[in-house]
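So the structure is just underneath, and the comments pick up after that.
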Amino acid sequence: MRQALRLLPLVALASAPASAAEPPSPQQIRAFLAQYGECVAKREPELSQKSVLSGASFSRGSAEGKRLMQRECMDPELLRNQADGFAGRLRMRFDEDTYRGVIAEALIAKHGASVDAAALPAIAVLTYEEPRPLRTTDREGKPIPEDSLARQRAAIARKTQAMLMGKLGECAVRAAPAQSRAVMGTAIDTPAELQALNALGPTLGQCIKAGETVSLDRVSNAQGTRRRRGT
């Protein structure tokens, strides 16, 4: 049960047209994520559950990663899986939490799993991995080049945002389990989803602590609350 709420995907998307083609819309990206999660959960049910509940490697260099990152589950109209990464109409990077989140939602939709609201207080508060501090020198004590520092800062920012979104999602589910569940019962990009998110809005506002900055829009709100429900 401790792992029951570890279902928030933290999206880190970096999109840019690789050709003259029009880049995908946020709606297309959301559809891609949903399709990917459903496909992997269907093709690799046991490994999918492991990826959510106890951890699995998403590295393309590992056996597990190759099974989880199947190109058959990638929409060829949006992505072209090449040796140097994704290319085509969209260039995209995901944090591992994003992969786990979309797979988790697919598993929940497939099995109809949920957490009893009465049981939530007994579930220990989750712990979150803090971003590693900025390293300014290498192992030999030499200064790290500025371009490498910039990449580190970007990674720290993504990890910090992911951590804050995780805490926000957990807080919302604990404070308003029924409203959170209602979000999961709606299809993406529908009036019903927007209505469910609006109902959850006051709770989300209360869950953002003073001094925290969390970027929220319809996409991130929906993805956060959808994957904070448990199995």
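The values are calculated or read from the model by the stated rules, or taken from the named source; none is laboratory data. This structure is a prediction, so every number in the text was calculated from the model and none was measured. When we count neighbours, we look across all protein chains shown, and the Cβ atoms used for this are built from the backbone with ideal geometry, even at glycine.
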query: Of (1) within 17 Å of the chain's Cα centre (by Cα); (2) among the charged types (D, E, K, R); (3) surrounded by 15 or more Cβ atoms within 10 Å (Cβ to Cβ), residue 129 satisfies all except one. Which?
result: (3)
statement: Checked against (1) at pLDDT 85 or above; (2) not assigned by TED's automatic domain parsing to the domain that holds residue 28, residue 158 satisfies every condition except (1)
message: Please determine whether any residue of segment 107-120 is modelled with pLDDT of 85 or more, of a type in the set (A, V, I, L, M, F, W, C) and surrounded by fewer than 16 Cβ atoms within 10 Å (Cβ to Cβ).
response: yes
- prompt: In segment 164-197, what residues are in a loop (DSSP other than H, G, I, E, B) and at pLDDT 85 or above?
  reply: 176, 190
task: Scan segment 163-212 for residues that are in contact (Cβ under 8 Å) with a residue 24 or more places away in the chain and of a type in the set (Lys, Arg) and jot them down.
output: 167, 174, 181
message: Every residue in segment 40-75 that is touching a Cys at 6+ places or on another chain (Cβ under 8 Å), crowded, with 16+ Cβ neighbours inside 10 Å and either free of Cβ contacts under 8 Å to residues at least 60 places away in the same chain or not assigned by TED's automatic domain parsing to the domain that holds residue 102 (or both), please.
response: 73
query: Which of (1) under 14 Å from the mean Cα position of the chain (by Cα); (2) at pLDDT below 85; (3) closer than 26 Å to residue 191 by Cβ is the odd one out, the single condition residue 97 does not satisfy?
result: (3)
